[in-house]
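Input: a single structure, listed below in structure tokens.
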Amino acid sequence: MLQQYDRDATRAAILYVAQRVAEPTFHKIGKVLYFADRNHLEQYGRLMFGDTYNAFKHGPLPSNAYRELSQVRERRVSSEEAGFHVTMQLVRGSPKPAPVVVPEQQPDLDELSRAALACLDASIEKYGHRTFDELVTLSHDAAWHQAWNNRMNEAPPMPIETLVYPSEHRELLLEYIRDPLPGEAPEAPRG
């Protein structure tokens with residue numbers, strides 16, 4: 001099952017999370033999105049924004065969301081276009097400054113489904129107050145370990161199948177991910 005990446009929804013989610021957590025670093029936003037996406041995948045059989053995940057040393061991060069954040073930090077995308085700017089700040093428990101997202105506008109909630117908002121809210125409540133070290137420990141889960149232990153590069157991709165690993169409904173989710181419309185034959189190409 002391939003989902004198309006939704007840039008506008010991702011930017012809305014970044015703003016939404018940044019406005020609701022203390023010290024909205026790239027790391028914290030990435031972890032909140034990761035846990036929200038895992039929850040969404042388990043409940044609805046798909047990722048919230050069609051993002052992909054990579055296993056970094058300090059845990060999984062959504063690759064496209066991280067790219068959106070980095071492009072603003074590196075000024076390849078204007079803060080006006082993204083709706084936020086990035087500063088480097090010392091944050092609690094950090095020995096060096098970290099990139100922190102500073103929202104400049106409200107998120108466009110029309111870009112976020114009710115299901116995505118519910119998953120984001122649950123993730124913010126559960127993980128938004130956590131420290132860097134706590135988030136690293138919590139995100140070094142079975143999905144991360146599977147990708148990290150088999151890595152061929154510094155940040156190996158995490159296939160969607162690994163994200164459902166800890167779910168009690170794993171087999172049903174895997175079946176749905178592989179074939180969301182069972183019994184329907186693909187359309188023949190026109191031509």
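Overview of results
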quantity: 0 to 90° range, to nearest 10: angle between helix 114-127 axis and the chain longest Cα axis; calculated: 50 degrees
quantity: The chain, helix-only ellipticity at 222 nm - DSSP H runs n ≥ 4, -39,500 (n - 2.57), divided by all residues, nearest 500; calculated: -13500 deg cm²/dmol
quantity: Nearest-ten-degree value, helix 63-73 long axis tilted from longest Cα axis of the chain; calculated: 30 degrees
quantity: Tilt relative to the chain, helix 26-44 - C-alpha long axis, 0 to 90 degrees, to 10; calculated: 20 degrees
quantity: Charge dipole (the range 1-72, unit charges on Cβ, about Cα centre) - positive-most of Leu61, Leu47, Gln4; calculated: Leu61
quantity: Residue order, fewest to most surrounding Cβ atoms within 10 angstrom, among Thr52, Thr162; calculated: Thr52, Thr162
quantity: Mean Cβ count within 10 Å, highest first, over the residues of peptides 106-115, 41-50; calculated: 41-50, 106-115
quantity: Test item: Cα-centred dipole of the range 16-83, Lys/Arg +1 and Asp/Glu -1 on Cβ, debye; calculated: 200 debye
quantity: Likely footprinting exposure, Glu68, Glu175, Glu74, fewest C-beta neighbours within 10 Å first; calculated: Glu74, Glu175, Glu68
quantity: Debye, to nearest 20: dipole size of the range 7-178, +1 on Lys, Arg Cβ, -1 on Asp, Glu Cβ; calculated: 480 debye
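Here, each number is a calculation from the coordinates, and none is a lab measurement. Predicted, not measured: the structure shown is a model, and the values here were computed from it. Virtual Cβ from ideal backbone geometry, glycine too; neighbours counted across all protein chains shown.
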